Structure formats: structure tokens, C-alpha cells
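Throughout, read-outs are computed from the coordinates displayed, never taken from laboratory work. On a predicted model such as this, the values are computed, not experimentally measured, just so you know. Glycine also receives a Cβ, built like all others from the backbone with ideal geometry; neighbour counts cover every protein chain displayed.
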Amino acid sequence: MYSLLAMGRITWIKIEYQFQKNLDSLLTMQKIVRINQTIQVVTNEKLWEAGIDSRISMLTPQDGTELLRLEDACFDPKLYCGLLTQSSIANLIGRGNGFILLYKQENKLGGYAQINFRSNQAAGRFYSLAVHSEFQGKGIANLLFRNVEKTCLSLGATIVLLEVREDNKALRYRYEKFGYKVYRRIKDYYPDGCAAIKMRRKFT
């Protein structure tokens, strides 16, 4: 029979091994994207070196199930289109021209932000963001959004595009405070018929 000390040591070794395994996975994760006719190889290490918060990393296949649960909890398909699915997540991890940034705390998913890139423009499209209810009110949404901007700039995308529902005036005002300007309105954009307000910011 193992002593409590021996059992505790074995448990610690397992935890340490799993931590190292997770760290190795994060460091070796890479994604290829094309921005403005330039191929970029993106890694978590490269993003962190560019100033991205160390609690933020790119989506891995192991995160898919938890990410879908968060998506289902945060978005009503009657109000929003283009929500994440298993196939869209697989595409983003694979050959899709974009990726998802995850915020984690103690290995628990707190939120995500999705970025898509324009292959023929120096532009990144901020597509979606969600924060778990347990992490709301703690500045995580703002942290993710600011790191989306940093990510775009670090990869040479000097224009960030986004859209908001026309009836979400509070969110539109927030983006305007961040320097985003309206450049287009698209009627009947969302499933309930609400128009979309397209906004962009050019970084110099």
C-alpha cells in the first residue's frame, strides 16, 4: 500500500507532467494565414513576443467542445448568423484564413475572440467575441478586443474591420470611442431582419 506521502508525490508528478504537456502543445501550435498577399506563420510564442497577454492563446482541437458550449450560452441563433459549429472550428484550426484567441484562467475557458484575415488586403476582421458568465464584469471582453487589435498589427494588418447590430447602440458607441468609424450599413443582415453597421479603424 502506498503511503500518503508517496501518493501525493505521484499526483504531483502527474500534474507537473500534464502542465508540461499542455505548455508544449501551446508552444508548438501554429497557424498559417495569408494577409495582403503575404504568408504568415503564427505561433503562440510569436504572439506573446509581440505583446499579446500570456493568458491568451490560439484555439487547439482540444478546446472545441468547451468553445461550442460557450458559443451556445452566449448567442441566440435567432439574432446572430455565422455562429461557430464543429465544422467551422475545424476549418479555423485547419486551412481557414483566420483563428480564434482564447482567454483561459486556471485552464478554464473564460472567453474567446475570432479574427479573419483578408488575403489581398492588410486587414483583419474582428468577427466575434464571447465571455463566460463567470468572467463577465472583469474586463475580459476589453482585454480580448485590445489583443485582437495587437494581433492584427503584429501580423501587418493595419486595418481592423467589424460589424455590430444596428440596435446595439451601446456597443457601437464603445467602438466609436475606440476610434472606429462607420463606413457601411447592410439591411436585413441578421436572421431577425436587423441591419448591420460596418465599422473600421485604420492604424498608422
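Structure above, values below:
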{"item": "Rule-of-thumb Rg ratio for region 130-204 [Cα; 2.2 N^0.38 Å; N residues]", "result": "1.20"}
{"item": "Computed lengthening from Leu171 to Leu68, 0.36 nm per intervening residue step minus Cα-Cα distance", "result": "34.8 nm"}
{"item": "Leading residue at positive end of dipole, the chain (Cβ point charges), from Gly179, Met29, Leu162", "result": "Gly179"}
{"item": "Calculated FRET value between Asn107 and Leu153, using beta carbons and R₀ = 30 Å, to 0.05", "result": "0.60"}
{"item": "C-alpha center-to-center spacing [region 36-89, region 143-172] in angstrom", "result": "14 Å"}
{"item": "Three-way shape label, region 42-131, alpha-carbon gyration tensor, a/c 1.5", "result": "oblate"}
{"item": "Region 110-204: trypsin sites (Lys or Arg not before Pro) in DSSP loop, at most 11 other beta carbons within 10 Å", "result": "Lys187"}
{"item": "Helical mean residue ellipticity (222 nm; -39500 (n - 2.57) per DSSP H run of 4+; nearest 500) of the chain", "result": "-11500 deg cm²/dmol"}
{"item": "Convex hull volume of region 56-204 per residue (C-alpha atoms, cubic angstrom)", "result": "118 Å³"}
{"item": "Mean Kyte hydropathy of 0.0 or more with a Cα span along the axis of at least 18 Å, helices from DSSP in the chain", "result": "4-28, 140-154"}
{"item": "Theoretical FRET efficiency, 1/(1+(r/R0)^6), r = Cβ-Cβ of Lys46 and Arg185, R0 41 Å, to 0.05", "result": "0.65"}
